[in-house]
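Please read the structure below before turning to the comments.
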Amino acid sequence: MNDSEFLMHVYRYAEVLKGDALTDDERNIVVGEFNDLKGDAHSRALQAVRKALGIEHQLEELRKSANLDNTQRLLIDLQNAAAKWQASKK
């Protein structure tokens, strides 16, 4: 999986959490944070999205919302994409 395909998964997840399209600034924060973080691609992506959206403490409310099924599906998609992207970097 190439970088742009992986980023599309990350952005799609972030947009569902936000409930709207990401701004260019938010996209830049996601990429910058992702590149600065350590760990596996999935964890880095989640942390970068949380930082870009400023939702570190709001995730518990989201888990209880009606968007749970869609968010869970996208989270699984993101996890799979992260694994493929990370494997392609070896």
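What follows draws every value from the coordinates through simple rules; no lab data is involved. Being a predicted model, the structure only gives us computed values, none of them experimental. As a convention, Cβ positions derive from the backbone with ideal geometry for all residues, glycine included, and neighbour counts pool all protein chains shown.
Stretching the chain fully between residue 3 and residue 77 yields a gain of 25.1 nm (0.36 nm per residue, less the alpha carbon separation).
Is the shape of the chain rounded, prolate or oblate, going by the alpha carbon gyration tensor and its root eigenvalues a ≥ b ≥ c, with a/c under 1.5 for rounded and a/b larger than b/c for prolate? Since a/c reaches 1.5 and a/b is larger than b/c, the shape of the chain is classed as prolate. Among residues other than residue 36 with Cβ under 13 Å from its Cβ, the summed charge is +2 (Lys and Arg +1, Asp and Glu -1). Please determine, in degrees from 0 to 90 and to the nearest 10, the orientation of helix 68-88 with respect to the longest principal axis defined by the Cα atoms of the chain, where the helix direction is its Cα long axis. Between the helix axis and the principal axis of the chain, the angle is about 10 degrees.
For the chain, the 222 nm mean residue ellipticity estimated from helices alone, with every DSSP H stretch of n ≥ 4 adding -39500 (n - 2.57) and the total spread over all residues, rounds to -24500 deg cm²/dmol.
Each other residue within a Cβ distance under 13 Å of residue 88 adds +1 if Lys or Arg and -1 if Asp or Glu, for a net charge of +1. Rounded to the nearest 10 degrees, the angle from helix 3-18 to the longest Cα principal axis of the chain is 10 degrees. Along the axis of the charge dipole computed for the chain (Cβ charges of +1 for Lys and Arg, -1 for Asp and Glu, origin at the Cα centre), the listed residues 55, 11, 76 are led at the positive end by 76. Which of 12, 73, 27 ends up with the largest GNM mean-square fluctuation for the chain, with Cα atoms connected below 10 Å? So, out of 12, 73, 27, the one fluctuating most is 73. When +1 charges are put on Lys and Arg Cβ atoms and -1 charges on Asp and Glu Cβ atoms, the dipole computed for the chain relative to its Cα centre reaches about 360 debye.
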